[in-house]
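A short worksheet on the structure shown next.
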Amino acid sequence: MTITVYVPRDSAALAVGADRVARRIAEVASARGIDLTVVRNSSRGLFWLEPLVEVATTAGRVGYGPVEVDDIDGLFDAGFHAGAMHARSVGLIEEHPYLKHQERLTFARMGITDPLSLADYEAHEGWAGLRRALAMSATEIVQAVLDSGLRGRGGAAFPAGIKWKTVAGAVATLKYIVCNADEGDSGTYSDRMTMEGDPYLLIEGMAIAGLAVGATIGYLYVRSEYPHAIATLNDAIARAEAAGFLGDDLLGSGRAFQLIVRKAAGAYVCGEETALLESLEGKRGIVRAKPPLPALEGLFGQPTVVNNVITLASVPLILARGAAHYRDYGVGRSRGTLPIQLAGNIKYGGLVEKAFGVTLRELLYDFGGGSASGRPIKAVQVGGPLGAYVPESQWDLPLDYEAYAAVGAVVGHGGIVVHDDTADLSKLARYAMEFCAIESCGKCTPCRIGSTRGVEVIDKISAGTHRPQQVQLLRDLCDTMLHGSLCAMGGMTPYPVLSALNHYPQDFGVAAAVPSAPDRQPA
């Protein structure tokens with residue numbers, strides 16, 4: 001009987017030697033006359049255990065990690081290929097607390113399947129959503145997404161169904177679906193994991209979106225630093241086309257949908273939907289004024305749905321199991337689940353998919369195990385490089401778009417970056433302003449000039465030059481950027497700056513003051 005061993009092909013696993021581990025396992029098995037097949041699966045997201053090697057047994061998959069090349073002979077000696085105990089053993093992987101306490105909907109297949117196997121994908125509920133969508137009217141598809149409560153997972157949290165309904169109602173001979181896969185936020189990797197580890201899920205979601213709004217062409221705008229994701233997507237698209245899941249005749253329905261992958265321009269601002277569209281059109285990535293909305297005049301002036309990876313990847317399950325199934329997860333207006341990414345100074349960094357309502361404290365300690373340094377956690381940046389620093393007094397808030405907005409924070413793309421008590425928040429606030437100055441497209445004055453002046457003002461505060469006046473100037477500057485910037489690049493930069501100043505004034509050398517938080521979400 002052939003033994004099946006799984007070694008991830010995810011970028012995180014490759015970075016720590018997964019290819020070498022896979023080759024060595026095959027070599028040792030061959031030399032010892034063991035009938036063994038190595039399957040390159042996707043990562044489960046337990047990154048501190050990578051490369052995580054799994055062996056299929058009658059009881060389930062047994063995991064071993066992190067495995068290095070030098071461990072492999074010893075693993076075979078111990079009988080790991082039969083699921084035997086070893087110092088690297090982590091037991092039945094499905095019973096691991098990190099996985100067992102998650103609600104994996106979007107990431108249900110992650111780590112289980114061969115990412116490019118159409119048979120694996122279909123055996124695990126793949127294409128069920130597309131098949132159901134083909135039997136529905138466009139209006140019914142849009143209504144299912146509306147009823148599910150799905151909101152954009154890219155940061156703004158705009159209801160996906162409303163955007164789709166707008167594009168569906170627009171009159172045009174050509175419409176587009178654009179997937180924003182320019183995942184540039186610090187500490188985020190759920191988009192990359194999806195593209196590398198479950199590409200057919202994204203393909204299926206985009207095809208369903210095309211059916212819903214009458215679009216026949218889709219573009220995947222993928223971060224330029226993701227070569228493995230780009231290669232995997234191109235391979236998956238070719239296989240899906242050959243099998244009839246893409247192309248001129250979707251599953252014999254007479255409906256058409258084509259997908260094209262484009263490498264992003266390498267600019268953070270191109271994560272903003274209108275700058276992304278400019279870049280896709282071959283122009284410099286500069287933010288467009290709105291209106292007109294991309295839903296009415298988007299790519300090449302045509303009605304366009306622009307959603308990020310996780311938004312589109314959430315759609316197949318909604319269609320396959322019904323809107324109510326998805327809506328039953330979450331709290332308030334934040335429905336479903338969010339793939340949360342733990343990064344920074346955290347002991348157990350990785351992907352945690354939970355229903356909205358989980359607290360930051362649960363994520364940091366029940367999943368993350370506290371700081372990697374063993375020192376107290378001081379601040380947690382949630383929502384990317386332009387997200388707020390959340391102090392311990394707010395770690396028991398439910399992870400929910402409205403609850404976070406009420407305290408001047410954002411959930412964003414679900415990226416969480418942890419800092420221990422050695423962090424200097426004045427330096428981190430300065431970094432936010434400097435980041436904005438470097439990455440600004442330069443179109444609007446509050447962002448272009450405000451960020452540059454912000455760096456100078458923070459430097460004066462740190463140097464002790466007229467601190468009270470400079471602190472007030474910094475607050476005024478943030479207010480101008482928040483309310484006057486053309487897009488979220490300048491509009492969100494005040495979030496990390498003000499949260500650092502409000503919650504950690506001692507790092508700026510000033511006394512605690514009455515906190516000021518942004519009074520609205522940026523444009």
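The table below lists the values:
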{"read-out": "Residue that is surrounded by fewer than 24 Cβ atoms within 10 Å (Cβ to Cβ), small (Gly, Ala, Ser) and in a loop (DSSP other than H, G, I, E, B), where the choices are Gly412, Gly442", "value": "Gly442"}
{"read-out": "Within region 152-169, tally of residues that are open to solvent by less than 20 Å² (accessible area, probe 1.4 Å) and out of contact with any His (no Cβ under 8 Å at 6 or more places or on another chain)", "value": "6"}
{"read-out": "Identity of the residue in region 78-120, small (Gly, Ala, Ser) and part of a loop (DSSP other than H, G, I, E, B), that ends up farthest from Val5 (Cα to Cα)", "value": "Ala108"}
{"read-out": "Among (1) in a helix (DSSP H, G or I); (2) open to solvent by 10 Å² or more (accessible area, probe 1.4 Å), the one test that Ile310 misses", "value": "(2)"}
{"read-out": "Subset tally (residues that are polar (S, T, N, Q) and surrounded by 24 or more Cβ atoms within 10 Å (Cβ to Cβ)) for region 195-231", "value": "0"}
{"read-out": "Test: Ser190 is small (Gly, Ala, Ser) and open to solvent by 10 Å² or more (accessible area, probe 1.4 Å)", "value": "no"}
{"read-out": "Only listed residue being in a loop (DSSP other than H, G, I, E, B) and under 26 Å from Gly155 (Cβ atoms), chosen from Arg262, Arg284, Arg255", "value": "Arg284"}
{"read-out": "Near pairs, Cβ below 6 angstrom, 6+ apart or cross-chain, from region 58-72 (under 13 Å from Leu92 (Cβ atoms) and open to solvent by 10 Å² or more (accessible area, probe 1.4 Å)) to any residue that is of a type outside the set (Lys, Arg) and assigned to a helix (DSSP H, G or I)", "value": "Gly60/Glu94; Arg61/Ile93"}
{"read-out": "Which listed residue is part of a helix (DSSP H, G or I), in contact with a helix residue (DSSP H, G or I) (Cβ under 6 Å, 6 or more places away or on another chain), crowded, with 18+ Cβ neighbours inside 10 Å and of a type in the set (A, V, I, L, M), from Ala295, Ala320", "value": "Ala320"}
{"read-out": "Ala423, sole failed condition from (1) assigned to a helix (DSSP H, G or I); (2) at pLDDT 95 or above", "value": "(1)"}
{"read-out": "Residue that is open to solvent by 10 Å² or more (accessible area, probe 1.4 Å) and within 27 Å of Ala313 (Cα to Cα), where the choices are Tyr329, Tyr365", "value": "Tyr329"}
{"read-out": "Residue, modelled with the lowest pLDDT, within region 364-388, restricted to residues that are part of a loop (DSSP other than H, G, I, E, B), under 26 Å from Leu49 (Cβ atoms) and touching a His at 6+ places or on another chain (Cβ under 9 Å)", "value": "Gly384"}
{"read-out": "Considering residues of region 242-254 that are open to solvent by 30 Å² or more (accessible area, probe 1.4 Å) and in contact with a Gly (Cβ under 8 Å, 6 or more places away or on another chain) only, the residue farthest from Lys443 (Cα to Cα)", "value": "Gly252"}
{"read-out": "Close pairs (9 angstrom Cβ cut-off, 6 or more residues apart or separate chains): farther than 20 Å from Val309 by Cα in region 327-342, of a type in the set (Lys, Arg) and outside any loop (DSSP other than H, G, I, E, B) anywhere", "value": "Asp328/Arg335; Arg333/Arg151"}
{"read-out": "Test for Arg262: is it more than 28 Å from Ala231 (Cα to Cα), in contact with a helix residue (DSSP H, G or I) (Cβ under 7 Å, 6 or more places away or on another chain), open to solvent by 30 Å² or more (accessible area, probe 1.4 Å) and in contact (Cβ under 8 Å) with a residue 24 or more places away in the chain", "value": "no"}
{"read-out": "Single residue of region 463-492 satisfying the filter (part of a loop (DSSP other than H, G, I, E, B) and closer than 22 Å to Ile286 by Cα) that is most open to solvent (accessible area, probe 1.4 Å)", "value": "Leu486"}
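Yes/no per residue for (1) out of contact with any Lys or Arg (no Cβ under 8 Å at 6 or more places or on another chain); (2) more than 30 Å from Asp249 (Cβ to Cβ); (3) at pLDDT below 95; (4) in a helix (DSSP H, G or I):
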site	(1), (2), (3), (4)
Pro51	yes, yes, no, no
Ala56	yes, yes, no, no
Arg61	yes, yes, no, no
Ile72	no, yes, no, yes
Phe76	no, yes, no, yes
Glu122	yes, no, no, yes
Gly129	yes, no, no, yes
Arg132	yes, no, no, yes
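The values are calculated or read from the model by the stated rules, or taken from the named source; none is laboratory data. The shown structure was predicted, so the numbers you read here are calculated from the model rather than taken from an experiment. Heads up, the Cβs are rebuilt from the backbone with ideal geometry, glycines too, and the neighbour counts pull from every protein chain shown. These accessible areas exclude ligands, DNA and RNA; they are computed on the full protein's heavy atoms, side chains included. Shrake-Rupley method; radii C 1.70, N 1.55, O 1.52, S 1.80 Å.
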